[in-house]
Amino acid sequence: MTWQSKSAAIAIAIMAMSLHSSSVQAMPEQGKVVAGQGEIARPDEKTMVINQKTDRLALDWQKFNIAKDEKVHFDQNSKSAIALNRVVGDGRSIIDGSLSAKGHVFVINPNGVLFGKNSSVDVGGLVASTANVTDDDMRNFAQGKGDLGLQIAAGREASVINAGTIKAEGGLVALHATNVENTGSSRMRAARLSSPQQRTSASQPTRRASSTSR
């Protein structure tokens, strides 16, 4: 695929995502704590709060979408806290609403992650990746038994696209996929745009060196 056709495909994806999120209530679905301690609460139909009680929390979701009028907040005790979210269902994650946390939020979806033009991300650090993460990876990471090695499967063409606003002051934003597009606005210490040839290690994002910023 040429760069022109890739750019056109990305533009179409962003347009379709905006149309979808403007008319449909999304919200993450069928969340389950895999390791660590936390609770998922729904104060109202457009708000979700994940009360994270351990420094590291690993969760599985069937879907992880946020429409433009919806809010998802991770209630974390410290800036070093990490919430690892793995999407196990089909379909990419479409985030076009508000995602917030004091600490770090990881969104791992092998089918892709798209931050729409209406999205507002305000976190300590962000990792969005299309890597494969095993059950053992989830448990070991949540229990502090090592880094989370993010490796993209050969031949996987899913994208991570940011067309919105990402704020991660003092932290790192890592967009990790075969195809990465960052056309939105970002406020962060550093940005990392990773190709599948790069094995990204996610443990303490605020302490890792930066690579490129766009």
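Computed values, structure above
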{"quantity": "Cut-off under 5 Å, modelled amide H: who pairs with LEU148 long-range", "calculated": "ALA202, SER203"}
{"quantity": "For the range 52-200, fraction of C-alpha pairs farther apart than 26 Å, in %", "calculated": "14"}
{"quantity": "Members of LYS53/LYS102; LYS32/LYS117; LYS71/LYS145; LYS32/LYS63; LYS32/LYS68; LYS53/LYS79 lying beyond 22 Å, as alpha-carbon distances in this model show", "calculated": "LYS32/LYS117; LYS71/LYS145; LYS32/LYS68"}
{"quantity": "Rough spin-label spacing in nm, given labels placed 7 Å along Cα→Cβ, for ASP55 and THR134", "calculated": "2.5"}
{"quantity": "Backbone HN-Hα couplings from phi across the range 150-155 [Karplus 6.51/-1.76/1.60, Hz, Gly and Pro as x]", "calculated": "9, 10, 8, 5, 4, x"}
{"quantity": "Cα-based shape type of the range 70-116, given that a ≥ b ≥ c are square roots of the gyration tensor eigenvalues and the cut on a/c is 1.5", "calculated": "oblate"}
{"quantity": "Counting DSSP beta bridges with both ends in the range 128-188, the antiparallel % (nearest 5)", "calculated": "10"}
{"quantity": "For the range 54-88 and the range 134-185, distance of Cα centres in Å", "calculated": "13"}
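Every read-out reported here was derived from the displayed coordinates using simple, explicitly stated rules and does not represent laboratory data. The structure presented is a predicted model; accordingly, all values stated were derived computationally and were not measured. Using ideal geometry, Cβ is built from the backbone for each residue, glycine included, and neighbour counts are taken over all protein chains shown.
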